[in-house]
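*Asks:* The structure's right below; bear with me while I get my questions together.
The values are calculated or read from the model by the stated rules, or taken from the named source; none is laboratory data. Fair warning: this is a prediction, and the values are worked out from it, not measured in the lab. Cβ placement follows ideal geometry from the backbone for every residue including glycine, while neighbour counts extend to all protein chains displayed. The accessibility values were calculated without ligands, DNA or RNA, using every heavy atom of the protein model including side chains. Shrake-Rupley method; radii C 1.70, N 1.55, O 1.52, S 1.80 Å.
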Amino acid sequence: MDTGGNSLASGPDGVKRKVCYFYDPEVGNYYYGQGHPMKPHRIRMTHALLAHYGLLQNMQVHKPYPARDRDLCRFHADDYVHFLRNITPETQQDQLRQLKRFNVGEDCPVFDGLYSFCQTYAGGSVGGAVKLNHGLCDIAINWAGGLHHAKKCEASGFCYVNDIVLAILELLKQHERVLYVDIDIHHGDGVEEAFYTTDRVMTVSFHKFGDYFPGTGDIDDIGYAKGKYYSLNVPLDDGIDDESYHFLFKPIMGKVMEVFKPGAVVLQCGADSLSGDRLGCFNLSIKGHAECVKYMRSFNVPLLLLGGGGYTIRNVARCWCYETGVALGVEVEDKMPQHEYYEYFGPDYTLHVAPSNMENKNSRQSLDEIRAKLLDYLSKLQHAPSVQFHDKPPDTELPEADEDQDDPDERWDDDSDMDIDDRKLLRCRVKREVDNNELKEQENQKGNAENTKGYDTAEDDTTFPGLDVGSLAINEPSVKVEQENTNKPADQL
C-alpha cells in the first residue's frame, strides 16, 4: 500500500472514512440555455442516485451556505464580482462592453440566477474546506464545484467563479502545503495560473493537449520563481484508456505525495475524460476514472472531491455516484435502482458502461517519455518545502447556530465594518441538514462546534510568508506572470 502525507485517525485504506457531502436542491434548476452542453441538472441526477443507492445515510449531508461578495473577492476582482451580481438576461444588451471585458456571453452565457449559481457552488467547496480544516470529516464532496477555468477577472470555459482556488485558499489557513490534482479532460488552467508562483500549492493536471481548449498545459509549463517545479502538466492524446492513464497517474502522484507531503488534497473529478463524453475524446471507464479517487484516498490525507466537466450527463451521474461510494469505502451495485431519472440510463440500467474500441493514440514510447520527464522534474524539488508561519492566521471559527435568527443574512449586515480591504479571512457559511443520528455525534463534539449554520471570520492582518505575490492577500492573489487581458476566449470546447 502506498502511503504519503499525514495519517488521519480513520486509519488504513480499508477503514471507512467520515464523509461530508454538500448539495443544494436548487442547483439542478439553473439552466445555461438551449443547446449548451453544461447542464447543472446532472448534479440533481447524481444526488438521486446517491439517495436510491442508500449512500446519503452514510454521510453528513450539508446544504451549502451561499458565498457572499467578500468571499468571492478573496480571489476575484471586485468589479468582476459586481458585474456577475448585477448582470441579467434582460440587462445584458445594455452592457456589451462589460460582457466582452469579462468574457461573458458565448461559452459563458448570462442566464437567470447566474450569481446565485456561483454563490451556491462556491459555497459548497469552501464549506468542504472548512469542515476539513476543523477535522470534522476526512473527505468532503461537492459535485457542483470544480469549475477550474475561471480567472481572477474573467469567465472561461463554462466557469464564472473559481471555487477551487477559493477552497485552496481556505485550506492554506490550516495547512502549509496543499496539492491540487485535476483529471478533467481539459487543462486546469485557472487553478494553475492562480498558484503559479508559490511553492505552497502544487498543481498537477492530466489533460488532452494539442488543438484543444484551453490550449495551455504544455509539459514544459512547470511554474515560476518559487513556484518552479510546483506546476506539473501531463499532456495526453485521444483515446487514452485505463491502463495507459494509470501508467502515468500512479507513479507520478505517488512521487508527488512522497516529495511534496501535502497537508490536504483537492481532487477535481471532471467526468468529461470518460469514454463517450459529448465533448471529450478519452476512453476511460468509470472504474478507471474512480481508480484515481481510490488512489488519492489511500494516502489518508484530508481530501476534497469536486466535480467539473462532463457533458454526457447520464455518465456523469454514474461516475460521481460510484466515486462517492469509493470515498465511503462502499462497493456500489452495478444494477441501478428504480428512481425518478431511471429512464436516462436505458437500455441496460446499469452503473457501469463499457469503454469504446476507439484507437489509443498514446504510444508506449510517448507515455514513457512523459513519465520520465515529469519524474525528473520532481527529482529537482526539495522534499517538503519548509514554510514558516511567523504569524499564523487564525482559524475560521464555527460558532453554534442561532436558531432564533430567522434570516441568517441579518447576522452578516452589509453595513457592518467587515470590508474586503480589512483583510478578512474567507467566510462562506454552511447550512446543515441534521438527522437524529447526527445529533448524538454533535453532543459529543460541541468543542468542534459540529452543529452550525454558518461560520465566522476572524480578522487577519497576517500573511503567508511562504508565498510570493502578496502572500495570497485578498486583493493580491498569486497569478501567473502574464497580462490578465491576454487570456483568450474559448474558441474550441
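*Asks:* Please state, as a whole number in µm²/s, the translational diffusion coefficient that the Stokes-Einstein equation yields for segment 279-351 at 25 °C and 0.890 mPa s, with Rh defined as the Kirkwood radius across alpha carbon pairs.
*Replies:* Numbers: Rh = 13.4 Å.
It comes out at roughly 183 µm²/s.
*Asks:* Mind scanning Lys63/Lys100; Lys287/Lys373; Lys18/Lys39; Lys261/Lys361; Lys226/Lys361; Lys63/Lys380 and naming the pairs with a C-alpha gap bigger than 31 Å? Write out the running numbers ahead of the final one.
*Replies:* Working: Lys63/Lys100 34 Å; Lys287/Lys373 27 Å; Lys18/Lys39 29 Å; Lys261/Lys361 33 Å; Lys226/Lys361 35 Å; Lys63/Lys380 43 Å.
Too far apart for the 31 Å limit: Lys63/Lys100; Lys261/Lys361; Lys226/Lys361; Lys63/Lys380.
*Asks:* Average the reciprocal distances over every distinct pair of alpha-carbons in segment 40-118, invert the result, and give the Kirkwood radius in Å.
*Replies:* Numbers: mean 1/r = 0.0665 Å⁻¹.
Hydrodynamic radius (Kirkwood, Cα pairs) of segment 40-118 is 15.0 Å.
*Asks:* In addition: Hey, what's segment 22-91 come to in accessible area per residue, 1.4 Å probe, Å²?
*Replies:* Numbers: 2530 Å² over 70 residues.
I get 36 Å² per residue for this part.
*Asks:* Right, something else. Could you provide, to the nearest whole Å², the per residue accessible area of segment 235-319 with probe 1.4 Å?
*Replies:* Details: 1730 Å² over 85 residues.
In whole numbers, segment 235-319 has 20 Å² accessible per residue.
*Asks:* If you plug each phi of segment 58-66 into the Karplus form 6.51 cos²θ - 1.76 cosθ + 1.60 with θ = phi - 60°, what whole-Hz ³J(HN,Hα) values come out, in order, with x for Gly and Pro?
*Replies:* Whole-Hz 3J(HN,Hα) from phi for segment 58-66: 8, 10, 7, 9, 10, 8, x, 7, x.
*Asks:* Packing-wise, with mean Cβ within 10 Å as the measure, how do 194-202, 94-102, 233-241, 259-267 rank, highest first? Provide the component values of the computation, followed by the final result.
*Replies:* Details: 194-202: 26.4, 94-102: 14.6, 233-241: 21.3, 259-267: 24.0.
Highest to lowest by the protection proxy: 194-202, 259-267, 233-241, 94-102.
*Asks:* For an R0 of 22 angstrom, estimate the FRET efficiency from the Cβ-Cβ distance between His36 and Leu96 and round to the nearest 0.05.
*Replies:* Details: r = 20 Å, r/R0 = 0.91.
Step by step, r from the Cβ atoms, then E = 0.65.
*Asks:* Calculate what fraction, in whole %, of the accessible area of segment 19-380 sits on carbon and sulfur atoms when a 1.4 Å probe is rolled over the protein chains. Mind showing how you got there, number by number?
*Replies:* Details: 5150 of 11180 Å².
Roughly 46 percent, rounded to a whole number.
*Asks:* Tell me, what is the FRET efficiency for His339 and His246 to the nearest 0.05, using R0 = 45 angstrom and their Cβ-Cβ distance as r? Intermediate values should be presented prior to the final figure.
*Replies:* Details: r = 31 Å, r/R0 = 0.70.
The formula returns an efficiency of 0.90 here.
*Asks:* Over the alpha carbons of segment 19-380, what is the largest minus smallest coordinate on each principal axis, giving the biggest first in Å?
*Replies:* 54, 53, 42
*Asks:* Amide H of Leu232 versus every other amide H placed in the peptide plane: which residues, excluding those fewer than 5 positions away on the same chain, fall under 5 Å?
*Replies:* Placed amide hydrogens put Thr203, Val204, Ser205 under 5 Å from Leu232.
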